[in-house]
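Student: Okay, here's the structure, questions in a sec.
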Amino acid sequence: MYGIGGVGIRAYELYRRLKDRHDITLLCKKYPGARDAEIEGLRHIFAGTESSSLTVTLLSYAFHSSRFVRKYGGEYDVIIEEFSPGIPTLLGFYKKRPVVLQIQGYTGNKYFEKYNPFFSGILYVFERFLPLFYEDYIIVSEETGKPHQLTSTKQY
């Protein structure tokens, strides 16, 4: 699964580079007109509900993608989740296959500069504590892992 914005672009580039050596399926946020298909050699499955509300779209994606993994996750060797506090899938509790949390950034207190206090507080807490429910991580730098003191040595 991959996120939105810069995170989604970076993740897509990683998967595009790995597609010749691995069979990769991307579980993506649904948007108007999105259809499941192979695009640029990557299988795309779109989950969620189309909505004009970003909050509804993200929460719908979190629910539907989590449901997809719980139903079909056993068909995959490894599940890599692009971490986004705004899309709480709670896949750290899924134990039928390895779930690796990929963290590409850390926002921390900057949420409070960007959003109202209620949403900022939720995003801050999710960002701080949800990674603790995962056993394996991919981090783009040691700096990104510091807030969570992430240490994962497994290789897939």
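The values are calculated or read from the model by the stated rules, or taken from the named source; none is laboratory data. Predicted model, so just to flag it, every value in this text is computed and none were measured. Heavy atoms of the whole protein, side chains included, go into the accessibility calculation; ligands, DNA and RNA do not. Shrake-Rupley method; radii C 1.70, N 1.55, O 1.52, S 1.80 Å.
Student: In whole Hz, with x marking every Gly and Pro, tabulate ³J(HN,Hα) for region 16-31 from phi via Karplus 6.51 cos²θ - 1.76 cosθ + 1.60, θ = phi - 60°.
Tutor: Values, residue by residue: 4, 6, 8, 4, 6, 10, 9, 8, 10, 10, 9, 9, 10, 5, 6, 9 Hz.
Student: Averaged per residue, what accessible surface does region 1-130 expose to a 1.4 Å probe, in Å²? Mind dumping the intermediate values first?
Tutor: Numbers: 7610 Å² over 130 residues.
Ligands and nucleic acids excluded, the figure is 59 Å² per residue.
Student: Still on this structure, please answer the following. Please report, as a whole percent, how much of the solvent-accessible surface of the chain comes from carbon and sulfur atoms (probe radius 1.4 Å). Intermediate values should be presented prior to the final figure.
Tutor: Values: 5260 of 9600 Å².
Accessible surface attributable to carbon and sulfur in the chain totals 55 percent.
Student: Further question on the same structure: Classify the chain: rounded, prolate or oblate, from the alpha-carbon gyration tensor (a ≥ b ≥ c, eigenvalue square roots; a/c under 1.5 rounded; otherwise prolate if a/b is larger than b/c)?
Tutor: Because a/c hits 1.5 or more and a/b fails to exceed b/c, the chain counts as oblate.
Student: Another question about this same structure. Given H placed on each backbone N at 1.01 Å, which residues far from CYS28 in sequence or on other chains put an amide H within less than 5 Å of it?
Tutor: Close amide H contacts, sequence-distant or interchain: ILE45, PHE46, ALA47.
Student: Please work out whether region 15-79 counts as rounded, prolate or oblate from its C-alpha gyration tensor, where a ≥ b ≥ c are the square roots of the eigenvalues and a/c under 1.5 means rounded, while otherwise a/b larger than b/c means prolate and anything else oblate? Numbers along the way, then the final one.
Tutor: Values: a/c = 2.64, a/b = 1.50, b/c = 1.76.
Judged from the Cα gyration tensor, region 15-79 comes out oblate (a/c at least 1.5, b/c at or above a/b).
Student: Protein chains only, probe 1.4 Å: how do HIS22, HIS64, HIS44 rank by accessible area, largest first?
Tutor: Details: HIS22 105, HIS64 55, HIS44 10 Å².
Largest accessible area first, the residues go HIS22, HIS64, HIS44.
Student: Would you pull out the residues with amide H under 5 Å of GLN102's amide H, same chain only if 5 or more places away, H placed 1.01 Å from N?
Tutor: Amide H to amide H, under 5 Å and 5 or more residues apart or across chains, GLN102 pairs with GLU81, GLU82, PHE83, ILE138.
Student: Oh, and also: Once phi is turned into θ = phi - 60°, what whole-Hz ³J(HN,Hα) does the Karplus curve with 6.51, -1.76 and 1.60 give for every residue of region 94-111, x standing for Gly and Pro?
Tutor: 7, 10, 6, 9, x, 10, 9, 8, 9, 10, 9, x, 9, 9, x, 5, 5, 4
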